[in-house]
1. Cut-off under 22 Å on the C-alpha distance; same-chain residues fewer than 8 positions from Lys147 excluded. Which lysines are left, in chain and number order?
2. At a 10 Å Cβ-Cβ cut-off, how would you order Ile345, Ile315, fewest neighbours first?
Amino acid sequence: MIRGSFNFKPTPSNNRRTILITLSLSVFLFFLIALVLAPLLRPHWREIKSSSAATGAAVMALDNLYQNLYGAEPAKSADTQEPVNFLLLGAAGEGYDAPDLTDTILIARLIPQKKIYLFSLPRDLLIEIPGTQNWTKLNSLYAIGKKNKGQEFDLIKQKTEDISGLKISYSILIDLATVKELVDAVGGINVMVKKDIIDPAYPGPNHSYQTFEIRAGWRYLDGETALKYIRSRHSALGDFDRIERQQQVLQALKQKVLQMNFWDIPAFFNLFNAIASKIKTDLSLWEIKDFWEQTKDIPAQDTIKTEINNTDLVITGQVNFDGEMASVVRPKAGLEDYEQIKAYIAEIIK
């Protein structure tokens, strides 16, 4: 329950965090799976199942796992020229504070072969929970809906549609632990560390900090070290350095997956399990591949990025949540009044 008055002020122009940097690794990792696994497995799946190395209980378990994770290959591809809207969510994941809060909330509108629009929504937006008279922050909706198996995305999809005026067709949620799991699943990676990194304020357990240190040169990274390598913010160029390190790790992961032996069934088990436990979506693997084919050649200048938090459409303030003050954001037009935001988005995509 919210008590007390709402005291709001315009949002500051300086951004507290760059949402696209926060999500960049998650999105690239997701499409890495489509780029690498789908094209590799699609032509070889019958061979893998019929191989002498994949018989009995192993092939049955692998086939069930494959179908459960990615579904059967559709008779008709997702190829379409109509705009498609995706909800992209990033969460800290298990082992971190508030593991299911989606602190990255991004709507991606794809115009196949032509353009991508990216709209980031404020994680601290104060919203009424659909179907109730209770209030919370937008980033809590996935955590609230998670207990409804098969409908985990319903609440946050409905709310983002209310806010944006865009119909969400697909949802993707990725947590940070995906990196650790994937790197460990492929046996680690080798990267060239361009300069020493000494980060004395790397987030540790129980709201603590720890020192992350890695020296320049070729380095072997296990999953835990790779995760620290891409998350560390304390370097000369800050987030720009992070982006470059993320690209290094993604390239190394891609190369390791390409080198995998198709007949190494346990290795595929490990990789599938890593993906399944850390990425949740209502897309099939084949749909991901088809959408990637419609996206991969769109030039960077045709990706239009907008952060609603950095517009004059929202204001910030403090509210009382059950006796505790919390920072929140609301539409400048008033609580639950999203007409100006809808008009703003409609004008950009028209």
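1. Lys137, Lys157, Lys159, Lys278, Lys280
2. Fewest-to-most Cβ neighbours within 10 Å comes out as Ile315, Ile345.
Rule-based calculations on the coordinates, nothing more; no lab input. Computed from a predicted structure; not experimentally measured. No Cβ is skipped: glycine too gets one built from the backbone with ideal geometry, and neighbour counts run over all protein chains shown.
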